[in-house]
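Data first, discussion second: the structure below is written as structure tokens.
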Amino acid sequence: MTDNVHDRWSEDLAAYMLGALEPGEATELERHAEDCERCRSEMRWLTAAVEVLPEAVERHRPPPRLRESLMSEVRADARAAGVETGSAGGGVLHRAGSWLQGLGSGSHDWRRLAGLALMALVVVALVGYEIGGGGSESGGSTTTFVSGKAPGVTAEVVREDNGGELRLADVKKLPEDRVLEAWVRRDGEVEAVKALFVPDREGNASTTIGDMRGVDLVMVTTEPAGGSEVPTSSPIATVPIPQ
Amino acid sequence: MSVKRETAERLADEELMPLIAAKDPEAFEVFYDRHGGVAYSLAYRIVGERAAAEDVTQEAFISIWRSGARFDRTRGSVRSWMLSIVRNRAIDSLRSKAGKAPKLTFDDDAVLEQRPSEELTEEEAMRRETASEVRGALGQLPGEQSKVIELAYFGGFSQSEISRMLGVPLGTVKGRMRLGLEKIRGELAEGLA
């Protein structure tokens, strides 16, 4: 990309970002930017300036009838799509939260993580978050499931036939009297995975899950050295396993 | 299948979007409650009439409800994506009414201050700070730079139209837009430093 070509388009970047190019010009600029890292870099820089413009407008309260009208249309759409509406019935996320509360914590973190677990399930359903599927050996298969968008720790479960391996990354250093303990949910019941583990210096940690049959959720908590019979802290990672 | 409202309230926008795409009205209601105000304000700023602003906001949110799966998190925040939809619809509405002139002021400090303090979440407080910085940056811009930015972003005019409206060469309009945005960007960067 020559400087002259870049300079010619660079002049129009601000107008493009402000939506002030004619449609044909905008298309041409986009085509150029695909091959011009300098333009893309300048666009990234200017994006923040444009994105804050609507934040600076004078605030007006929308009339309540707008919300009523909007939600009326939305609920009608949802009913037509066969979606359970209203909060009285709860729904899958509520039930997941109740189950997690039953573990003995009852904290908001559990419910939030239940939400994240559901999010990951929804993502799996919508965009095919399941990874892998290859690696067959002697008729077996390997499938990798990844955690939802939980902040901090990332987790994945690599399932191979009836067993699996849980892998964590970005785990913070634990106090000396704490260990990681994995849990699985099977048929609505929580079971401890009989293996305690700790992260290495890079924050990576892994453990084996001997029996993955019927498991629809894998979680990790930090527990006192020696492990616990039931989780005593909020999970640091959850990995939904679509059935 | 829908989530409870209090559960949805704890989710980030990016986490709400898959639920909205799955047609969860509770998730959508939380999304509207978070962003309906700024969306309506932006629409009103552009179209200048309450009824038209309501129509624009309703159309934009229905569009999000029916196409929530199209949000691409690699291209920015949900809020920015939503506001770009509102802006585009508002500009379309404005263009359908010939001769409509945009409002050209940013004096919203007093209105913001009138809002009850209990409504201020930490996130909203940060947005106010950002809004304040932007208004400050815009206020410091030479008038000719802020005018071309406002005509383009809030008026929906192309740079060629602005050139003709203001009677200045096209290159001058381009330069003013660029300098103005760079100044705002610089102010934001300083604010973050």
- Scanning the stretch A:50-68 residue by residue, those surrounded by 15 or more Cβ atoms within 10 Å (Cβ to Cβ), in a helix (DSSP H, G or I) and modelled with pLDDT of 85 or more turn out to be A:Val50, A:Glu51, A:Leu53, A:Pro54, A:Glu55, A:Leu66, A:Arg67
- Query: Can you tell me which of A:Ala15, A:Ala20 is part of a helix (DSSP H, G or I) and among the hydrophobic types (A, V, I, L, M, F, W, C)?
  - Reply: A:Ala15
- Message: Cβ contacts < 6 Å: first residue closer than 22 Å to B:Trp81 by Cβ and without any contact (Cβ under 8 Å) to a residue 60 or more places away in the chain, restricted to the stretch B:45-59; second residue among the basic types (Lys, Arg) and buried (at least 21 other Cβ atoms within 10 Å of the Cβ), any location; separation 6+ or different chain. Result?
- Response: B:Val56/B:Arg89; B:Glu59/B:Arg89
- Task: Answer with yes or no whether A:Leu18 is surrounded by 11 or more Cβ atoms within 10 Å (Cβ to Cβ), within 17 Å of B:Leu151 (Cβ to Cβ), of a type in the set (A, V, I, L, M) and in contact with a Phe, Trp or Tyr (Cβ under 9 Å, 6 or more places away or on another chain).
- Result: yes
- Message: Step by step: first the residues of the stretch B:13-39, then only those that are modelled with pLDDT of 90 or more and small (Gly, Ala, Ser), then the one that is surrounded by the most Cβ atoms within 10 Å (Cβ to Cβ). Which residue is that?
- Response: B:Ala39
- Message: Give me the residue from the stretch A:184-219 that is of a type in the set (Gly, Ala, Ser) and on the phi < 0 side of the Ramachandran plot and, out of that set, surrounded by the fewest Cβ atoms within 10 Å (Cβ to Cβ).
- Response: A:Gly210
- Scan (1) surrounded by 14 or more Cβ atoms within 10 Å (Cβ to Cβ); (2) in a helix (DSSP H, G or I); (3) not assigned by TED's automatic domain parsing to the domain that holds A:Asp7 for the single condition A:Glu42 breaks and write down its number. (3)
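Conditions tested, residue by residue: (1) of a type in the set (Ser, Thr, Tyr); (2) modelled with pLDDT of 85 or more.
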{"residue": "A:Ala150", "(1), (2)": "no, no"}
{"residue": "A:Thr154", "(1), (2)": "yes, no"}
{"residue": "A:Leu166", "(1), (2)": "no, yes"}
{"residue": "A:Gly188", "(1), (2)": "no, no"}
{"residue": "A:Val193", "(1), (2)": "no, no"}
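With the requirement that a residue be outside any helix (DSSP H, G or I) and either facing chain A (nearest Cβ under 7 Å) or more than 21 Å from the chain's Cα centre (by Cα) (or both), what does the stretch B:1-30 give you? Let's see the steps before the verdict.
Keep residues of the stretch B:1-30 that are outside any helix (DSSP H, G or I), which gives B:1-4, B:10-12, B:22-24.
Across the stretch B:1-30, the qualifying residues are B:Met1, B:Ser2, B:Val3, B:Lys4, B:Arg10, B:Leu11, B:Ala22, B:Lys23, B:Asp24.
The values are calculated or read from the model by the stated rules, or taken from the named source; none is laboratory data. Since the model is a prediction, treat every value here as computed from it, not as a measurement. Glycine gets a Cβ as well: all are built from the backbone with ideal geometry, and neighbour counts include every protein chain shown.
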